[in-house]
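**Q** My structure is below; once you've seen it, I'll send some questions.
The values are calculated or read from the model by the stated rules, or taken from the named source; none is laboratory data. Quick caveat, the model's predicted, so the values are computed rather than measured. All Cβ positions, glycine included, derive from the backbone under ideal geometry; neighbour counts span all protein chains shown.
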Amino acid sequence: MPRMEQKLRDNFGLIGRKGFARFTTPPAGVNPYDGIGETFYVDPINGDNTYDGETPGRAKANLQNAIDLCVALRGDLIVRMPGSEKPTSAITVNKAGVTIAASGYGEHWNADDFFTFPAASYTTGPVIYVDQPCRIVGLGFETRFTTGPAMKIRYDTGMVGYGVHILNCKFEKWWSGIGLELFGASACTIEGCRFNNFTTGGIQMSGSGVHNPNFVDIIDNRFMGCTQGVNITTTVMNTNFFGNHFMGSTIPIDFNGNGVTGVCTIQGGSTQVAGGDDFTDYANVAAAKAADIFMCGIDFPT
């Protein structure tokens, strides 16, 4: 197994609160990664789409080409090497069970080295759609799409945005007012990400009415200069916000008056907002509680 692949697979046993098994030391001669799936490489600088993508020296140039090599539910890993990719149309993650990870994950990691943002000719959509259960680790995303998100996780007809784990990624405002949109997404975890300077929402939660976001965990993220940290435009179900930090947000979590089905918990984290009454768009903590939105352990400035 290539050293880079071994390092990444080792990391997958250690990082993230959810979605990653924690391996113990295997017996001598036992490889815990046998049968875990194939590994493919993407190198935006030196790669070539005529290559097979099976080694760093024969890496694909574009992420979509590597996704197309994967087999659903095999547990394939795509190693995204440093460099900025500029697709001319949206990348679509349409293979269930794939993990896409930055090769530089770990010490001195910098998402600026692993950004994907569109070519000047592509201005009409997100840079990436996520339509199947997958993990995306340590990458950065921007878009030229002025009215939509950089990344969109979709659960609707023909799209299964279920069980997606977005970990330690970075979303930067360029043209768009939205970093990540959860459209009907279910059982997803957004963890350890950074959302910078979005005017509509670092994260937007939306739906079709038939499919609305439910059982979503938003954990340990940083929202810098986002007018609304999380912008909720539809009814959500059993969604949890744990340990998120909001700096410069007028309303950290804006429900826009939309209801909650089940229970929504906002626990831990911090905000620059002066008091709990302004942490959501509800008039006060009691009003939020009456709507089944429960808040506790949040740090407010004194």
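**Q** Taking only pairs six or more apart or across chains, which ones have beta-carbon atoms under 7 Å, a first residue in segment 41-55 that is over 22 Å from G140 (Cα atoms), and a second residue that is crowded, with 17+ Cβ neighbours inside 10 Å and of a type outside the set (A, V, I, L, M)?
**A** Taking only residues 6 or more apart or on different chains, the pairs are Y51/K60; E54/F40; T55/Y41.
**Q** So which residues in segment 64-95 are touching a residue at least 60 places away in the same chain (Cβ under 8 Å), surrounded by 19 or more Cβ atoms within 10 Å (Cβ to Cβ) and closer than 16 Å to V130 by Cα?
**A** Within segment 64-95, just L77 meets the criteria.
**Q** Right, something else. Hey, could you check segment 162-183 for residues that are assigned to a loop (DSSP other than H, G, I, E, B) and on the phi < 0 side of the Ramachandran plot and say which is surrounded by the fewest Cβ atoms within 10 Å (Cβ to Cβ)?
**A** Per the criteria, the residue is W175.
**Q** For segment 1-101, give me every one of the strands (runs of 3 or more DSSP E) that falls completely inside it and has 2 or more residues that are within 25 Å of T123 (Cα to Cα) and modelled with pLDDT of 95 or more.
**A** It comes to 91-93.
**Q** Inside segment 264-296, can you point out the residues that are modelled with pLDDT under 80 and in a loop (DSSP other than H, G, I, E, B)?
**A** Residues satisfying the conditions are Q272, V273, A274, G275, A283, N284.
**Q** For segment 184-210, enumerate the residues that are out of contact with any Ser or Thr (no Cβ under 6 Å at 6 or more places or on another chain), in a strand (DSSP E or B) and not charged (D, E, K, R).
**A** S186, T189, I190, F195, N196, G201, G202, I203, Q204, M205
**Q** Among S249, S208, S186, which is the only one that is hydroxyl-bearing (S, T, Y) and buried (at least 24 other Cβ atoms within 10 Å of the Cβ)?
**A** The unique qualifying residue is S249.
**Q** Collect the residues in segment 218-248 that are out of contact with any Phe, Trp or Tyr (no Cβ under 6 Å at 6 or more places or on another chain) and assigned to a loop (DSSP other than H, G, I, E, B), keeping them in residue-number order.
**A** Of everything in segment 218-248, those that are out of contact with any Phe, Trp or Tyr (no Cβ under 6 Å at 6 or more places or on another chain) and assigned to a loop (DSSP other than H, G, I, E, B) turn out to be D220, N221, G225, T227, T233, T234, T235, T239, G243, N244, G248.
**Q** Going through A283, A288 one at a time, which residue ends up being farther than 23 Å from N196 by Cα, exposed (fewer than 15 other Cβ atoms within 10 Å of the Cβ) and among the small types (G, A, S)?
**A** Sole residue among the options that is farther than 23 Å from N196 by Cα, exposed (fewer than 15 other Cβ atoms within 10 Å of the Cβ) and among the small types (G, A, S): A283.
**Q** Taking the criterion of being more than 20 Å from E191 (Cβ to Cβ), buried (at least 23 other Cβ atoms within 10 Å of the Cβ), among the hydroxyl-bearing types (S, T, Y) and touching a residue at least 12 places away in the same chain (Cβ under 8 Å), would at least one residue in segment 105-128 satisfy it?
**A** No.
**Q** Please find, within segment 49-62, the residue that is nearest to A119 (Cα to Cα) out of those that are in contact with a strand residue (DSSP E or B) (Cβ under 8 Å, 6 or more places away or on another chain) and surrounded by fewer than 23 Cβ atoms within 10 Å (Cβ to Cβ).
**A** Among those residues, the one meeting the criterion is N62.
Every residue, every condition in (1) crowded, with 19+ Cβ neighbours inside 10 Å; (2) under 15 Å from the mean Cα position of the chain (by Cα), yes or no:
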position	(1), (2)
K152	yes, yes
N197	no, no
G201	yes, yes
Q204	yes, yes
N214	yes, no
C226	yes, no
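**Q** Output yes when any residue across segment 56-69 is in contact with a Cys (Cβ under 8 Å, 6 or more places away or on another chain) and closer than 19 Å to G161 by Cα, and no when none is.
**A** Among the residues of segment 56-69, not one is in contact with a Cys (Cβ under 8 Å, 6 or more places away or on another chain) and closer than 19 Å to G161 by Cα, which makes the answer no.
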